[in-house]
Each structure stands twice: as C-alpha cells, then as structure tokens.
Amino acid sequence: MTLTRTVTAMAMDVTLTVVGDVAEDTADAVIGYVLSDLTWVDEVFSTFRDDSWISRLSRGEASVGEAPPAVAEVLDLCEAFRDETDGLFDARTPAGGIDPTGIVKTWALERSRWRLGLLGADGWSLGCAGDVTVSGKAPTDAGWRIGIADPREAPGPDAALVGVVTLGVGGDGATGRHALATSGLAHRSGHIWDPRTGEPATRVAQATVVGDDLVRCDAWATAVVVGGKAAAKAAQRQGLEVQALTVADGRVAASRTAGWRSKGA
C-alpha cells in the first residue's frame with residue numbers, strides 16, 4: 001500500500017510518500033508533526049519575515065547567542081560548506097547580510113527525518129521543490145523514480161521533465177543513493193549570487209546533485225550553479241554526482257559527471 005500526504009510550508013508544497021501497512025491516521029499525524037517542524041523553521045529562518053531571527057541578525061538587532069541553538073547550527077553548516085566548496089556556496093550576502101536559504105529547506109527536511117521512523121513504514125520519501133530524500137522500499141521494484149523538471153518551464157507538479165533519476169535500489173539505472181537536490185535560476189534570476197563577484201550567478205540554469213546527504217547535495221547544487229563545470233568536478237571529488245543544465249536559444253544542454261545515471265522522461 002502507498003499513501004501520499006502533501007502540506008504547504010515555507011510557501012512550498014512538501015510531499016510525503018509512504019510505502020507499507022501504515023494507517024491513514026498515523027500518516028496524518030506524522031505529516032502534521034512535520035508541518036509543525038517546518039512552520040517553526042520558517043518563523044526562525046525566513047528572510048521574507050522581518051521578525052525572523054535571521055532577519056534580525058542581518059539587521060544587527062540580535063546576536064547568534066540570543067537566537068535558538070538551531071541558528072548557530074545552520075550558520076556553522078553554511079561556513080563548513082563555504083570551506084568545502086572553496087567559497088562558491090556562501091550564506092553571506094553581497095550586501096553584508098545573512099542568507100542561509102541555500103540549505104535551510106533541506107536542513108529542515110532532514111531535521112524532521114526522525115519523525116518518519118514513527119510511521120513503521122517499509123519505505124518513504126520526503127520531497128519539496130526539487131529536493132528529495134528517501135528511505136527503504138519504493139512503491140515499485142524500479143526504485144524511487146524522481147523527475148528532473150525542465151528549467152524552461154514554471155515549477156510545479158505539471159512541469160515537463162528532462163530526465164528521471166532513480167534513487168535507492170531497484171531496476172536498471174538505480175543510483176543506490178538516497179538524496180537529490182536541485183538549484184536553479186530560471187524562474188528567480190538573481191537569488192543565487194557569485195560570492196567572488198557579488199553579481200548574480202549566470203553559468204548554469206539548473207544543477208541537480210545526487211548523494212546520500214541531502215543538505216550537502218543542496219549546498220553543492222548551489223555551488224555548481226555558481227561555478228559551472230569546475231564546481232561539478234569538485235562535487236564529484238566529494239563523492240557526489242551532478243547534472244548541470246544550461247539554456248541557450250530556448251534549448252537545454254546537459255553536462256554530467258561520469259557517474260551520473262538518469263533516463264529520459
């Protein structure tokens with residue numbers, strides 16, 4: 001049996017898919033807890049809320065020591081990924097503020113991961129806006145098939161796909177990996193900047209990274225959008241696989257690391 005639950009948090013749809021003999025009310029209760037977790041994360045970390053701790057820190061109205069401990073945890077992760085990506089991922093904005101948005105969503109998903117153990121499921125997936133983490137048995141023997149959206153189209157459940165990646169184990173082409181993160185420019189130009197220049201990133205329209213640590217995949221997806229092929233090679237040295245998409249004259253071109261596995265949509 002497969003159950004699906006979708007809630008809206010951080011202005012995005014978050015979808016939980018559960019495989020196994022799990023009661024409907026159990027699935028409802030667990031996704032409710034996840035929603036509460038994500039709502040709290042939005043209240044603390046949203047750069048769109050003037051009253052969030054991150055906004056207050058950026059304005060110099062509060063210190064990290066005054067904020068919930070989770071703030072220090074996320075900022076420490078941002079610094080670690082800044083070092084790991086050789087500065088291509090950076091939560092410090094060109095204007096001198098703080099914007100950890102590049103990993104907050106995936107960190108929030110991982111933060112709620114323990115709750116999914118309460119399901120007693122054979123397997124599950126938790127995904128939000130191009131970022132997915134999976135565990136255990138998939139709905140079919142083919143594995144967890146995750147679509148890669150076409151960067152030329154508006155995001156959403158009806159967007160066309162340019163490929164499919166199979167997470168977990170299963171049929172031909174399965175990656176054996178359990179996390180996938182996507183970052184891109186196509187529909188919000190300027191929200192990813194090049195820390196080296198302070199200017200909006202322009203090299204890559206969309207980058208997808210596959211690995212086993214969702215937050216690391218997310219940070220490196222941003223780094224690849226900024227740094228292009230050189231960043232993709234650096235990500236591969238970290239044990240990750242990357243697909244980078246560019247769009248020119250309305251056409252999509254793909255650059256992939258050697259271990260990337262995907263099939264056409």
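The values are calculated or read from the model by the stated rules, or taken from the named source; none is laboratory data. Since the model is a prediction, treat every value here as computed from it, not as a measurement. Cβ atoms come from the backbone with ideal geometry, glycine included; neighbour counts cover every protein chain shown. Please note that ligands, DNA and RNA were not included when accessible areas were found on the heavy atoms of the full protein model with its side chains. Shrake-Rupley method; radii C 1.70, N 1.55, O 1.52, S 1.80 Å.
With contacts taken as Cα pairs under 8 Å and at least 6 residues apart, segment 139-265 reaches a relative contact order of 23 percent. On segment 75-230, 48 percent of the accessible area sits on carbon and sulfur atoms, based on a 1.4 Å probe.
In segment 63-134, with Lys and Arg counted as +1 and Asp and Glu as -1 at Cβ, which of these residues, 65, 129, 96, has the Cα nearest the positive end of the dipole, that is, farthest along it? Of the listed residues, the answer is 129.
Largest to smallest in accessible area, the residues 215, 252 fall in the order 252, 215 (1.4 Å probe, all protein chains included).
Here the dipole of segment 107-227 is about 220 debye; that uses its Cα centre as origin and unit charges on the Cβ of Lys and Arg (positive) and Asp and Glu (negative).
Accessible surface for the chain, divided over its residues, is 47 Å² per residue with a 1.4 Å probe. Counting only protein chain heavy atoms and rolling a 1.4 Å probe, the accessible areas of 54, 98 rank, largest first, as 98, 54. Remark: the residue 230-residue 191 segment gains 11.9 nm on full extension, using 0.36 nm per residue and subtracting the alpha carbon distance. For the chain, what's the relative contact order in percent, using C-alpha pairs closer than 8 Å and at least 6 residues apart? 15 percent. Put a plus charge on the Cβ of each Lys and Arg, a minus charge on the Cβ of each Asp and Glu, and nothing anywhere else: the dipole of segment 43-82 about its Cα centre is then about 140 debye. Summarising the amide proton neighbourhood of residue 123: residues at separation of 5 or more, or on other chains, whose placed amide H is nearer than 5 Å comprise 19, 137. Each label point was placed 7 Å from the Cα along the Cα-to-Cβ direction; for residue 80 and residue 169 their separation is 2.8 nm.
Just to confirm a number: summing +1 for Lys and Arg and -1 for Asp and Glu over residues other than residue 65 whose beta-carbon lies under 15 angstrom from that of residue 65, what do you get? Walk me through the numbers before you get to the answer.
Working: positive: 56; negative: 61, 66, 73, 76.
Combined, the nearby Lys, Arg, Asp and Glu give -3.
Placing a pseudo-label 7 Å from each Cα along the Cα-to-Cβ vector at residue 28 and residue 140 gives an inter-label distance of 3.0 nm.
A helix-only calculation puts the chain at -10000 deg cm²/dmol for mean residue ellipticity at 222 nm, using -39500 (n - 2.57) for each DSSP H run of at least four residues, averaged over all residues. Subtracting the Cα-Cα distance of residue 249 and residue 48 from their residue separation scaled by 0.36 nm leaves 69.0 nm.
Extension gain for residue 21 to residue 212 (0.36 nm times residue separation, less C-alpha to C-alpha distance): 66.2 nm. Compactness ratio for segment 1-141: Cα radius of gyration over 2.2 N^0.38 Å (N = residue count) comes to 1.17.
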